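Chemist: Dropping the structure in here first, questions after.
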Amino acid sequence: MKAVVMDSYGTPDVLRVAEIPDPQAAAGQVRVRIKAAGLNPIDAKIRRGEFDAVYDISFPQQLGNEFAGVVDQVGEEADGFAAGDEVIGFVDMAAYAQYVVVPAENVTRKPQGLAWETAAVTGAVGQAAYHALRTLGVTAGETVLVHGAAGGVGGVAVQLARAWGATVIGTAREDNHDYVRSLGATPVSYGEGLERRVRALAPEGVDAALDLTGTEEAITASLAVTRDTKRIVTLVSPPLAQRYGITMMFGTRSAATVAQVAELSARGELRLPVAHRYPLAAIAEAHQALEAGGRRGKLVLTLD
Ligand SMILES: NC(=O)c1ccc[n+]([C@@H]2O[C@H](COP(=O)([O-])OP(=O)(O)OC[C@H]3O[C@@H](n4cnc5c(N)ncnc54)[C@H](OP(=O)(O)O)[C@@H]3O)[C@@H](O)[C@H]2O)c1
């Protein structure tokens with residue numbers, strides 16, 4: 001099969017399309033012919049070598065952690081799935097490829113009518129946002145501050161928090177304020193004076209804060225305006241979490257959460273816009289866009 005691999009850490013041009021052996025489903029596994037795969041900031045962090053101590057990396061190394069496609073091989077004991085099932089799934093570092101093999105519990109059925117590319121980008125940001133809001137204990141009537149509200153995780157966090165009855169203030173660059181408003185949050189610019197601007201919108205402070213930027217500014221502003229500092233979570237910076245005594249959350253992934261978020265998306269209750277699509281061969285260009293920022297929506301690889 002064709003798959004993206006990297007032969008060393010580095011800039012996007014270390015990524016290339018290679019021919020590698022088709023993976024085979026063993027007991028408890030399914031093989032999926034991938035229709036679309038999502039791109040996420042962690043893919044770029046892995047490519048740059050920032051997760052060397054976390055993952056078992058060996059070159060040539062594949063990449064990509066979420067996908068949607070069609071089951072085409074079912075291992076023994078992989079109950080509940082058959083060839084031809086349309087699924088959404090997750091994996092570590094293997095989704096930028098024509099085929100992937102995963103444990104059956106890593107996939108869930110794709111809701112009918114959900115476009116392949118939307119299905120492919122649902123899992124990572126959906127799970128991160130869902131678990132972060134659950135960790136923060138967000139409930140109806142509360143006010144939540146989301147740093148990075150125009151991003152993939154931020155966009156879902158804003159919409160889920162609103163659906164759960166919370167009020168949301170979301171930081172974003174000015175260009176993205178209308179977009180953040182359209183998701184249901186009150187936008188506020190990041191940069192110098194952030195705390196003052198949040199206070200102007202929430203004079204009594206906020207109940208919880210979610211950092212998706214990993215900046216000191218976001219953490220210190222959150223500490224200043226959040227009534228209970230135990231209710232501040234970052235998904236990005238373990239060192240800042242340690243320095244300021246807040247919670248660093250690492251995503252836990254489950255097919256059940258993917259299914260829940262995909263259902264919302266299929267019913268039109270959750271918007272997951274796709275900003276750009278790329279063929280496998282344009283993976284370097286896709287990673288450049290991933291690192292450039294400034295987009296509204298997800299980046300996706302589409303396969304034949
Ligand atoms: N721990 C976990 O389990 C977990 C899970 C998922 C994601 N993450 C991490 O969470 C982060 C966000 O992921 P994502 O998928 O949402 O990324 P994304 O789609 O690239 O979004 C990042 C957003 O942050 C905005 N931004 C950049 N600097 C900012 C600042 N100083 N203040 C406020 N907003 C700022 C960007 O806006 P502009 O581009 O307009 O500047 C962009 O909208 C990434 O670092 C990712 O690796 C962690």
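Chemist: Restricting the search to the range 53-83, which residues are among the acidic types (Asp, Glu) and either more than 20 Å from LEU290 (Cα to Cα) or over 27 Å from the mean Cα position of the chain (by Cα) (or both)? Steps first, please.
Modeler: To start, the set of residues in the range 53-83 that are among the acidic types (Asp, Glu) comprises 56, 66, 72, 76-77, 79.
Of everything in the range 53-83, those that are among the acidic types (Asp, Glu) and either more than 20 Å from LEU290 (Cα to Cα) or over 27 Å from the mean Cα position of the chain (by Cα) (or both) turn out to be ASP56, ASP72, GLU76, GLU77, ASP79.
Chemist: For VAL188, are the conditions met, namely being within 11 Å of the ligand (Cβ to nearest atom) and out of contact with any Pro (no Cβ under 9 Å at 6 or more places or on another chain)? Let's see the steps before the verdict.
Modeler: Numbers: within 11 Å of the ligand (Cβ to nearest atom): yes; out of contact with any Pro (no Cβ under 9 Å at 6 or more places or on another chain): yes.
Taking the combined requirement at face value, the residue satisfies it.
Chemist: In the range 1-100, which strands (runs of 3 or more DSSP E) lie fully inside it and hold 3 or more residues that are touching a helix residue (DSSP H, G or I) at 6+ places or on another chain (Cβ under 9 Å), open to solvent by less than 10 Å² (accessible area, probe 1.4 Å) and closer than 22 Å to GLN260 by Cβ? Don't jump to the end; show me each part of the working.
Modeler: On the way: elements: 2-6, 15-19, 29-38, 66-74, 86-90.
The qualifying strands (runs of 3 or more DSSP E) are 29-38, 66-74, 86-90.
Chemist: Name the helices (runs of 4 or more DSSP H) wholly inside the range 212-302 in which the number of residues that are touching a Phe, Trp or Tyr at 6+ places or on another chain (Cβ under 8 Å) is 2 or more.
Modeler: Numbers: elements: 216-225, 238-244, 255-266, 283-292.
Per the criteria, 216-225, 255-266, 283-292.
Chemist: Then there's this: Quick one: is PRO23 within 30 Å of GLY155 (Cα to Cα) and touching a residue at least 60 places away in the same chain (Cβ under 8 Å)?
Modeler: On the way: within 30 Å of GLY155 (Cα to Cα): no; touching a residue at least 60 places away in the same chain (Cβ under 8 Å): yes.
No, not satisfied.
Chemist: Now, a different point. Does at least one position in the range 185-206 carry a residue that is buried (at least 20 other Cβ atoms within 10 Å of the Cβ) and either under 23 Å from GLU66 (Cα atoms) or modelled with pLDDT under 95 (or both)?
Modeler: no
Chemist: Same structure again: Just wondering, is there one or more residues in the range 114-134 that are more than 16 Å from the ligand (Cβ to nearest atom), under 14 Å from the mean Cα position of the chain (by Cα) and touching a residue at least 40 places away in the same chain (Cβ under 8 Å)? So that I can check it myself, show each step before the final result.
Modeler: Applying the first criterion (more than 16 Å from the ligand (Cβ to nearest atom)) to the range 114-134 yields 114-116, 119.
With the extra rule that they be under 14 Å from the mean Cα position of the chain (by Cα), the set shrinks to 119.
Filter again for touching a residue at least 40 places away in the same chain (Cβ under 8 Å), leaving 119.
Within the range 114-134 (the criterion being more than 16 Å from the ligand (Cβ to nearest atom), under 14 Å from the mean Cα position of the chain (by Cα) and touching a residue at least 40 places away in the same chain (Cβ under 8 Å)), the answer is yes, since at least one residue qualifies.
Chemist: Quick check: anything in the range 286-303 more than 20 Å from VAL153 (Cβ to Cβ) and within 16 Å of the ligand (Cβ to nearest atom)?
Modeler: We begin by selecting, within the range 286-303, every residue more than 20 Å from VAL153 (Cβ to Cβ); these are 288, 302-303.
If we keep only those that are within 16 Å of the ligand (Cβ to nearest atom) too, we end up with 288.
Yes.
Chemist: Going by the conditions given, is LEU114 open to solvent by less than 30 Å² (accessible area, probe 1.4 Å), touching a Ser or Thr at 6+ places or on another chain (Cβ under 7 Å) and closer than 22 Å to ALA208 by Cα?
Modeler: Values: open to solvent by less than 30 Å² (accessible area, probe 1.4 Å): yes; touching a Ser or Thr at 6+ places or on another chain (Cβ under 7 Å): yes; closer than 22 Å to ALA208 by Cα: no.
The answer is no for LEU114.
Chemist: Run ASP178 past the list (1) near the ligand (Cβ under 9 Å from one of its atoms); (2) free of Cβ contacts under 8 Å to residues at least 24 places away in the same chain; (3) acidic (Asp, Glu) and report the number of the one that doesn't hold.
Modeler: (1)
Chemist: Pairs under 7 Å by beta carbon, first residue closer than 16 Å to ASP22 by Cα in the range 77-98, partner crowded, with 21+ Cβ neighbours inside 10 Å and among the charged types (D, E, K, R), six or more apart or different chains?
Modeler: Every condition considered, the pairs that remain are ALA95/GLU66.
The values are calculated or read from the model by the stated rules, or taken from the named source; none is laboratory data. Bear in mind the structure is a predicted one, so any value in this text is a computation, not a measurement. Backbone-built Cβ (ideal geometry, glycine too); neighbour counts: all protein chains shown. Ligands, DNA and RNA are stripped out before the accessible areas are found, and what is left, the full protein with its side chains, is counted by its heavy atoms. Shrake-Rupley method; radii C 1.70, N 1.55, O 1.52, S 1.80 Å.
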